[in-house]
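Only one structure is covered here, and it is reproduced in the block below.
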Amino acid sequence: MIHVTDLALSKIKEMSESEDIRHFNIRVRVLGGGCAGFTHDMYFDDLDPNDMDEVIEFGDVKVIVDTLSMQYLDGVSIDYAQGPISSGFKFTNPNATSTCGCGNSFSV
């Protein structure tokens, strides 16, 4: 199961409304890449989920995950971090055995 904090849910809704996206469907996936091997990816997805997707609903926000990515994302928490220099979504992945120095990629 994936957990999304209230702050992250609020930010997803705020971004959707400010960019006139008109829905709160978020696709979360794992991609190969980065210096540690894998990276988290998240974007607004206006396509309907297919039979190979898992959909987790948080009120109006639907998080859509493909089955391949789900094996790496089970137990992940998505938060939104605000700082004086940068802000963005933060993934805490209990499946990661190591991360790169900047924390943007991970290995399992």
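The values are calculated or read from the model by the stated rules, or taken from the named source; none is laboratory data. For clarity, every value in this text was computed on a predicted model and none was experimentally measured. In this analysis, Cβ positions are derived from the backbone assuming ideal geometry, glycine residues included, and neighbour counts consider all displayed protein chains.
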Worksheet entry | Where S87 falls short, out of the listed (1) surrounded by 11 or more Cβ atoms within 10 Å (Cβ to Cβ); (2) at pLDDT 90 or above; (3) not aliphatic (A, V, I, L, M) | (2)
Discussion item. Any residue at all in segment 14-36 that's surrounded by 15 or more Cβ atoms within 10 Å (Cβ to Cβ) and more than 20 Å from Y80 (Cβ to Cβ)?
Written reply: yes
Item to complete: Could you give me the residue pairs with C-beta distances under 7 Å whose first residue belongs to segment 45-56 and is under 13 Å from M1 (Cα atoms), whose second residue is in a loop (DSSP other than H, G, I, E, B) and modelled with pLDDT of 90 or more wherever it lies, and which are 6+ apart or on separate chains?
Response: V55/P49; I56/I2
Worksheet item: So, of the residues in segment 52-84 that are surrounded by 12 or more Cβ atoms within 10 Å (Cβ to Cβ) and among the β-branched types (V, I, T), which turns out to be modelled with the lowest pLDDT?
Response: V76
Response to the item:
In segment 1-14, anything touching a Phe, Trp or Tyr at 6+ places or on another chain (Cβ under 8 Å), among the hydrophobic types (A, V, I, L, M, F, W, C) and not in a strand (DSSP E or B) is listed as L7, A8, L9, I12
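Can you tell me which residue within segment 1-51, out of those that are among the polar types (S, T, N, Q) and within 12 Å of the chain's Cα centre (by Cα), is modelled with the lowest pLDDT?
Initial filter on segment 1-51 (among the polar types (S, T, N, Q)): 5, 10, 16, 18, 25, 39, 50.
So of that shortlist, the ones also within 12 Å of the chain's Cα centre (by Cα) come out as 5, 25, 39.
On the way: T5: 97, N25: 96, T39: 82.
Ranking the candidates gives T39 first.
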Discussion item. Exactly one of these conditions fails for G37: (1) touching a residue at least 24 places away in the same chain (Cβ under 8 Å); (2) at negative phi; (3) not β-branched (V, I, T). Give me its number.
Written reply: (2)
